[in-house]
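Q: Mind looking over this structure? Questions follow.
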């Protein structure tokens with residue numbers, strides 16, 4: 001998995017750090033939160049395909065590096081949505097190439113590793 005397991009992330013003036021709230025227990029609240037936190041465009045459709053598209057674009061963000069930090073995995077109680085979320089984030093990370101306008105890093109508290117490993121098989 002392309003995720004970073006750490007309790008801290010290196011940030012500078014060219015970094016946007018967002019900390020995903022643990023209480024996002026459904027897709028609707030997750031999409032609404034991301035839309036606000038990363039200032040998604042008005043055309044964001046609040047579904048997995050639109051989330052993937054926006055996370056792989058981010059052209060409206062001036063800072064080069066975007067760090068998404070999780071103290072815990074959101075969407076608790078919905079294993080299918082959690083797995084989809086992780087798959088989209090993994091794809092987003094793997095899609096960015098060195099030298100592109102942005103870099104996305106996804107960090108999780110190390111306590112999340114076992115659950116993520118189980119979900120991703």
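The values are calculated or read from the model by the stated rules, or taken from the named source; none is laboratory data. Nothing here was measured: the structure is a model prediction, and the numbers come from that model. We place every Cβ from the backbone using ideal geometry, glycine too, and count neighbours over all the protein chains shown.
Q: Against the definition (more than 23 Å from residue 100 (Cβ to Cβ), outside any helix (DSSP H, G or I) and without any contact (Cβ under 8 Å) to a residue 60 or more places away in the chain), how does residue 57 come out, yes or no?
A: The answer is no for residue 57.
Q: So, in the stretch 3-25, how many residues would count as being closer than 19 Å to residue 54 by Cα and surrounded by fewer than 15 Cβ atoms within 10 Å (Cβ to Cβ)?
A: Of the residues in the stretch 3-25, 1 are closer than 19 Å to residue 54 by Cα and surrounded by fewer than 15 Cβ atoms within 10 Å (Cβ to Cβ).
Q: A further question on this structure: Would you check which residues across the stretch 24-47 are free of Cβ contacts under 8 Å to residues at least 40 places away in the same chain and assigned to a loop (DSSP other than H, G, I, E, B) and list them?
A: Once the filter is applied, which keeps residues that are free of Cβ contacts under 8 Å to residues at least 40 places away in the same chain and assigned to a loop (DSSP other than H, G, I, E, B), the stretch 24-47 yields 38, 39, 40, 41, 42, 43, 44, 45, 46, 47.
Q: Now for a different question. So for the stretch 71-86 (the condition being farther than 16 Å from residue 119 by Cβ, under 15 Å from the mean Cα position of the chain (by Cα) and surrounded by 14 or more Cβ atoms within 10 Å (Cβ to Cβ)), does at least one residue qualify?
A: yes
Q: Another one. Within the stretch 84-105, can you find the residues that are part of a helix (DSSP H, G or I) and either modelled with pLDDT under 85 or within 13 Å of residue 67 (Cα to Cα) (or both)?
A: Those that are part of a helix (DSSP H, G or I) and either modelled with pLDDT under 85 or within 13 Å of residue 67 (Cα to Cα) (or both): 89, 92, 93.
Q: Being in contact (Cβ under 8 Å) with a residue 60 or more places away in the chain, closer than 19 Å to residue 2 by Cβ, in a strand (DSSP E or B) and in contact with a strand residue (DSSP E or B) (Cβ under 6 Å, 6 or more places away or on another chain) is the requirement here; does residue 16 meet it?
A: no
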